[in-house]
Every structure is written in structure tokens, then in C-alpha cells.
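Written out below as C-alpha cells is the structure these notes cover.
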Amino acid sequence: HRFSLEWSRIEPEDGRWSEEALRHYREVLEGLRARGMEPIVTIHHYTIPKWLADRGGWENGETERRFVRYVQRVVDAYGDIVRWWITFNEPVVQVFKGWLIGQWPPGRTGDYPRALQVIRHMTRAHVLAYHEIHGRCPGARVSVAQHCLALTPHNPRNPFDWISTRGRDYLFNELFLDALQTGRLSIPGQLFERLPFGRTLDFVGINYYTRDFV
């Protein structure tokens, strides 16, 4: 059974941890185990605490460090009962909705430079969290949940539809996973960074909903 933790419940103020929230999730995990179900815990599922959003959220590089601190706290709390961890749910979707089409917070439209900045911060945060989890729980299995979008050229005879499809396929389906697999975050001509520690995927989580015509 996969479910998500809520960061703002666990850390309602910067550096203050809610024992009530930590107990709540502990009860959920113990309830799953008692019913013979394996828990898969998603650490970050889009939302962040307001105090963190007020400081720039994922646009702020300091959020990487604060995310790792949050990961350390929850893994210390649940590492004895959880083996499977998802650091981020659909990070590329969050960036697309929040910084390119403005449907989700922070509601920016067409802000490509900040979108690249957020992708970079989230990728680095996953890498650092991956090693924190393994350092505390050597037998853990860690990955992300990747939104997999099936893309098809609207007109198969139109080369521009093929080019557009290929570009979207790379950005939506390949970019984040490729970075975690190879240790290189790369968008040709726009972004290149070597990530610390190399490969940081133990499995691949897939969320699949639909096919889009491009």
C-alpha cells in the first residue's frame, strides 16, 4: 500500500516536529503491517509547509537542506518498519503545473528559468535524501514516482509533430530518471550538472494515466 506523508503536518514550523503527526503515521504503518500489507511511503507529494513556501520553496536552494533534514526525521521514526521509499511524487509534473502553466502553486506561467532551477534543486534533494536513507537503513529501496505520459504525433506524416513529440518525451518521461540513473542532469544547450554520488535509483515507480497526441 503506497501512501504519502504530509510535510506540513510533521514539521508545522521550521525545526519543530509534531509528535502527534509522527504517531499518526506510525499507527498507519503498524496497521498496514498487521494486515499483511507492505508499506511504500512517499515522502514528498507536491505540498510543502507554508513557512517553507514563504522562503521561496523549491526556488530556494536552502530547501534541499531542509528537505534532507525532514527525510532524516521520518526515516529515523519509521526506518524499522518501512523498506520502500519514494522521495518525490511526479517532480516534473509539479514543475510543469507550478512554473510553466500556472495551475498549481506558486502559479507561475512560462517561467522557464525558474522551472530549470526547481528541477535542479529537486534532483539534488533526491540524491542527498537517497544517501541519507541508505545510511540509516542499508536495506532500504529508494526511488521516485515518475509520471509516464504516452506521447503520439498527431499527424504521423508531419516531421514537426515528431520533433515536438520527441522533445516532450525527453522532458516529461526521461529527464529526471535519466539524471538519477546516470548522475548527469542534462538539457542540451540549457543545463548540465554532474550530480554527487552517481546512480540513485533502486527501482522505478510508474504512474500511468493517459496518452496525449502532440
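The values are calculated or read from the model by the stated rules, or taken from the named source; none is laboratory data. Computed from a prediction, not measured in an experiment: that's the story for all the values here. Positions of Cβ are generated from backbone atoms using ideal geometry, with glycine treated the same way; all protein chains shown enter the neighbour counts. The accessibility values were calculated without ligands, DNA or RNA, using every heavy atom of the protein model including side chains. Shrake-Rupley method; radii C 1.70, N 1.55, O 1.52, S 1.80 Å.
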Worksheet, complete the sentence: Of the residues in the stretch 192-210 that are under 16 Å from residue 126 (Cβ atoms) and hydrophobic (A, V, I, L, M, F, W, C), the one that is surrounded by the most Cβ atoms within 10 Å (Cβ to Cβ) is 195
Discussion item. Which residue is nearest to residue 74 (Cα to Cα), if the candidates are limited to the stretch 16-36 and must be under 24 Å from the mean Cα position of the chain (by Cα) and open to solvent by less than 40 Å² (accessible area, probe 1.4 Å)?
Written reply: 22
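Taking residue 126, is it closer than 19 Å to residue 205 by Cα, out of contact with any helix residue (DSSP H, G or I) (no Cβ under 6 Å at 6 or more places or on another chain), open to solvent by 30 Å² or more (accessible area, probe 1.4 Å) and outside any loop (DSSP other than H, G, I, E, B)? Working first, answer last.
Numbers: closer than 19 Å to residue 205 by Cα: yes; out of contact with any helix residue (DSSP H, G or I) (no Cβ under 6 Å at 6 or more places or on another chain): yes; open to solvent by 30 Å² or more (accessible area, probe 1.4 Å): no; outside any loop (DSSP other than H, G, I, E, B): yes.
No, not satisfied.
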Worksheet item: Looking at residue 86, is it over 11 Å from the mean Cα position of the chain (by Cα) and touching a residue at least 40 places away in the same chain (Cβ under 8 Å)?
Response: no
Worksheet item: Filter the stretch 140-169 for residues that are polar (S, T, N, Q) and either closer than 28 Å to residue 121 by Cβ or in contact with a strand residue (DSSP E or B) (Cβ under 7 Å, 6 or more places away or on another chain) (or both); which is surrounded by the most Cβ atoms within 10 Å (Cβ to Cβ)?
Response: 146
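If only one of 213, 172 is open to solvent by 50 Å² or more (accessible area, probe 1.4 Å), aromatic (Phe, Trp, Tyr) and more than 23 Å from residue 40 (Cα to Cα), which one is it? Show your work before the answer.
Numbers: 172 fails: open to solvent by 50 Å² or more (accessible area, probe 1.4 Å).
Criteria check complete, one pass: 213.
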